[in-house]
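**Student:** Mind having a look at this structure? Questions to follow.
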Amino acid sequence: NSSIAFPKPNVIIFNAVIKAFAKGEMGMKGAEKAQELVERMFRLDESGELGGDDYDWDDEDDVGLKPNTRSFSTILDAYSQCARDAVDGPEAVRRAEILLKRMEELYVIDGYDVKPNNVCFSEVITALARCKGIDDAADRAEILLEKLIALYRDSDDDEEMKPTVQTFNKSQNGFPKQRE
């Protein structure tokens, strides 16, 4: 009587499914489903149902179940794509901003590998640039850019936090010129 050992779900497997929803043809529904999977990861990790309490930091094959930066950045990209939609755009931007804020909150909590890096900030700035109908989008993008610059300055030159040329371009050129 031999038993078959099945791998337990982990962040890598969840991220693959998150990416499938986020990059698929489902638009806003796909982005929402991807975000629901992150919430499910949090619940499963907190419950210990899949062995979350026995995470082995010394075992390179045991990567845990907590969502990470990739989990979040994939969803931010999906919301950024949805920001182009005339109907869903403003809601996609709102959700992207909330998700980025959540990343910032998780980043300071020990045990979470959720760094709100330049890619994440760029996705939200891009969402703001793509969305029509948000009067203060340029101002909100500039605030995000300034926040990213401050985070980089406080990070001891962490390259993942450094704003890129693309980030600056989106925050400057992605918006229609305001008439005075």
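**Student:** Run the numbers for residue 108 and residue 17: contour at 0.36 nm per residue of separation, minus the present Cα-Cα distance, in nm.
**Tutor:** 30.1 nm
**Student:** How large a share of the accessible area of the chain, in percent, is made up of carbon and sulfur atoms when the probe is 1.4 Å and the other protein chains stay in place?
**Tutor:** On the chain, the fraction of accessible area on carbon and sulfur atoms equals 49 percent.
**Student:** Can I ask one more? Could you give the nm distance between label points at residue 149 and residue 136, where each point is 7 Å from its Cα heading toward the beta carbon?
**Tutor:** 2.0 nm
**Student:** Average projected area of the Cα convex hull of the chain, in nm²?
**Tutor:** 12.9 nm²
**Student:** What does the helix-only formula give at 222 nm for the chain: each DSSP H stretch with n ≥ 4 adding -39500 (n - 2.57), the total divided by the residues, and the result rounded to the nearest 500 deg cm²/dmol?
**Tutor:** About -19500 deg cm²/dmol.
**Student:** Just order 27-38, 151-162, 107-118, 72-83 by mean Cβ neighbour count inside 10 Å, highest at the front, would you?
**Tutor:** Listed from highest to lowest mean packing, they are 72-83, 27-38, 107-118, 151-162.
**Student:** Here's something else I'd like to know. Using a Förster distance of 45 Å, how high is the FRET efficiency between residue 47 and residue 86, based on the Cβ-Cβ distance and rounded to 0.05?
**Tutor:** 0.65
**Student:** Compute the distance in nm between two label points, each set 7 Å from the Cα along the Cα-to-Cβ direction, one at residue 158 and one at residue 29.
**Tutor:** My value for the distance between the label points is 3.8 nm.
**Student:** So if I place +1 on the C-beta of Lys and Arg and -1 on the C-beta of Asp and Glu, and nothing else carries charge, what would the dipole magnitude of the chain be about its Cα centre? I want it in debye, nearest 20.
**Tutor:** For this selection, approximately 1200 debye.
The values are calculated or read from the model by the stated rules, or taken from the named source; none is laboratory data. In this text the structure is predicted, and so the values were computed from the model without any measurement. Glycine gets a Cβ as well: all are built from the backbone with ideal geometry, and neighbour counts include every protein chain shown. Side chains included, ligands, DNA and RNA excluded: accessible areas come from the protein's heavy atoms. Shrake-Rupley method; radii C 1.70, N 1.55, O 1.52, S 1.80 Å.
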